[in-house]
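The values are calculated or read from the model by the stated rules, or taken from the named source; none is laboratory data. What you see is a predicted model, and the numbers here were worked out from it, not measured in a lab. Quick reminder, even Gly has a Cβ in these numbers, built from the backbone with ideal geometry, and neighbours come from all protein chains shown.
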Amino acid sequence: MISTIISSSLRLAASSSAPSAALVGRQLSMTATQSASKLSSILEEYRAQNYAMELPRRFRQDIVKAACSSRQYNAHATVSADGIESVLQNIGAGNRMSRSEIDEILNEVGVCPVNDGNAQCVISASQMIELISKH
C-alpha cells in the first residue's frame, strides 16, 4: 500500500516537473521529461535576458523558426536534433545540453525513419513549440 502511494507520488512529481510530460497525449520517460525540462529552462533563461520586451509566444516562434530543418517555416516544417543543437550554440548554451539529451527527446516525441539508420528523428514545428512551452 505504501509502495503504491510512493510510486504514484514519484510519477506525479516527475510528470509535473517538466513542461511537456504528456506531449501530444503521450507520457514521456523520466529521462526525456528531464531533458525536455532542461531545454525549456535553458531557453526560458535566454528569453528572460534577451527577449524581455517580447511576448513569450513570439520568442518560441522565433526559436522554432531558427531550429527548422528547412529554411521555410510553414505547417510542414520539422525540427531535427541538428536544428536544436544549432540554436543552443547560437545562444551560447551549446555546452549546457548534450546531443544525447536532445536525441532522447526526439526519439520519444518525434518521427524516426524505420529503415534508414543514418536519418535523424524529427518533430513538427508545433510539437517543438509545445515542448518548449511552460504549462
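General remarks:
- Take the conditions (1) without any contact (Cβ under 8 Å) to a residue 24 or more places away in the chain; (2) under 19 Å from A125 (Cβ atoms); Q49 misses just one of them, which is (2).
- Selected residue (only one of G110, G92 is on the phi > 0 side of the Ramachandran plot and not polar (S, T, N, Q)): G92
- K38 surrounded by fewer than 18 Cβ atoms within 10 Å (Cβ to Cβ), modelled with pLDDT under 95 and in a helix (DSSP H, G or I): no
- Criterion violated by R47 - all others in (1) out of contact with any Phe, Trp or Tyr (no Cβ under 6 Å at 6 or more places or on another chain); (2) within 11 Å of I132 (Cβ to Cβ) satisfied: (1)
- Residue satisfying all of: in the stretch 77-106; within 17 Å of T33 (Cβ to Cβ) and free of Cβ contacts under 8 Å to residues at least 40 places away in the same chain; surrounded by the fewest Cβ atoms within 10 Å (Cβ to Cβ) among these: S100
- Verdict on A93 being of a type in the set (A, V, I, L, M, F, W, C), closer than 18 Å to S124 by Cβ and in contact with a helix residue (DSSP H, G or I) (Cβ under 6 Å, 6 or more places away or on another chain): no
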